[in-house]
Every structure is written in C-alpha cells, then in structure tokens.
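The values are calculated or read from the model by the stated rules, or taken from the named source; none is laboratory data. Note that the structure is a prediction, hence the values are computed from the model and not measured. These accessible areas exclude ligands, DNA and RNA; they are computed on the full protein's heavy atoms, side chains included. Shrake-Rupley method; radii C 1.70, N 1.55, O 1.52, S 1.80 Å.
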Amino acid sequence: MRIMFVGDSMTIGSTGEHTWRYRMWQHLNREFGRPYRIVGPRTGLHDHAADAPVSHDYADPAFPERSRAHLAGWGEGWLHMAPLIREEVAAHRADLLLVSLGLIDLGFYTDAGQTAANAREFVAEARAANPYVRIVALPVLPNIRAQEDPAFAAEVDDLNEQLAKATADLATSRSPLLLASRPADWSLPRDTHDGTHPSHRGEHKLAAAFANALHQAWDLGGPYEATG
C-alpha cells in the first residue's frame, strides 16, 4: 500500500520537529502488518528563517529519507491541494491519502461553504487518478483564533459539519472515504506549542486519530500506542 500524507503547516512541520508523520511512520512499522511505502513529491520541513520548505533537520535524524515523503505545505489548504492531487496521486501511485486540511483555508482564503466545495473537488480529482483510492480526513481542530474569535469558531464548526456530510455523500465501496474522529481531549496548552501547531503530545494525538480510524474502519494496522 502506498500512503501519502496531505496537509498544511500542522503536517509539514518545521525545523527541529518530529512531526506527526514521523509518529505515524513509527506506528506503521510496529502495527501495519503488510508491505507499505510512504510516497509524495516533498520531503522537507518548513524553515521559518528562509520562509520556505528547505529544512531537512528532523528531530530524529534516523527518520529515513524515503519515509519523509509528503504533500504538505505551510499556508496550503484544500484550495491549493485540489488542483495538485490528481497529478500527485498518479505520479506516486498512491492508494491511501491521510489528509489534514481546512484551518488555513478558513483563516485566509475561503469560508466554510467554499472550503467544503474544494474538499469535494479534491476527492473527485484524487479518484480521477485512482478510482480505488482510500481517503481518511481529519476534522479541523479549533486553534487559538477559534478560542478568541466566536465567528471563526462558528466557521470551523460549520466546515466540520459540511465535511461530515461530504464524507457521507461521497463514500463508495470502491473508493472508501472516512472522516476520522477528533483527537480526544485536544488541549491547546498541552497539545500545541503555539496555539495551533502540535507539540510532541499533539503529534501523537494526530497520528493516533489516523491510525485508529484505519484500524477501526478497515482493519488496517492496530490501535495506536504512543512511544518516545
């Protein structure tokens, strides 16, 4: 199975971080129980000084280059990924997409309705490349802005409702589509280091959300256990 991580700044991570992608790689090595490959066109972390994805300074240098692959970018959302995903799924022959997008869309680009429409386009484009692709998406996790801005918090709630509806509308037996459960007890002080981006604890929680969804819905791998 060829697995592609798709996301925004929470997924690409920045210089010196492990990332939840690393935590998921550890989990897959322990629990997946079948051949897999992590695929994608990018491997870097975001470098704040350069304001570009040019860092390869992961917290664990033993994280192998071949497993660092992803399709994630700082400041990129459903708006940006929908036009890219057909080409990247085809080029990397991806079977399974693990997607965490939406917060940046609402923060800078589109409202809940437009963002949900872009998510639907993303699914259609991914299926155009692989009619059997499986997709697991994570609901948008409210950040510090949602905590301080009730109107933005309402947009986050609205988008999550629309993503749940899109999942129900678009899921098929040939190309399953799943909305993962929000990480339990997500806490901005404990699970983020800045009110948005995951801390070590948050990385484990994001990986667990995807790992447990795969296990519970499709019997892929086992339950997530945090290590390190």
Cα-based convex hull volume of region 69-167 per residue, rounded to whole Å³: 87
Percent antiparallel among DSSP beta bridges (both partners in region 92-228, rounded to 5): 10
Accessible carbon and sulfur surface of the chain relative to its total accessible area, %, 1.4 Å: 50
Within a Gaussian network of the chain (alpha carbon springs, distance under 10 Å), most fluctuating of L96, L178, L170: L170
Orientation-averaged projected area, Cα convex hull of the chain (nm²): 11.3
Largest-first principal axis extents of the Cα set of region 41-117 (Å): 42, 33, 16
Computed log₁₀ I(q)/I(0) - Debye formula, equal Cα scatterers, no solvent, region 122-228, q 0.15, 0.17 Å⁻¹: -0.74, -0.91
Top of R182, R174, R120 by mean-square fluctuation, Gaussian network on the chain, Cα under 10 Å: R174
Whole-Å distance, taken between Cα centres, linking region 141-161 and region 173-187: 18
Solvent-accessible surface (1.4 angstrom probe) belonging to W218, in square angstrom, nearest 10: 60
Region 1-59, Cα convex hull volume normalised per residue, Å³: 76
Helical contribution to [θ] at 222 nm, DSSP H n ≥ 4, -39,500 (n - 2.57), averaged over the chain, rounded to 500: -13500 deg cm²/dmol
Length gained when the stretch L170-E65 is fully extended (0.36 nm per residue, less Cα-Cα span): 34.4 nm
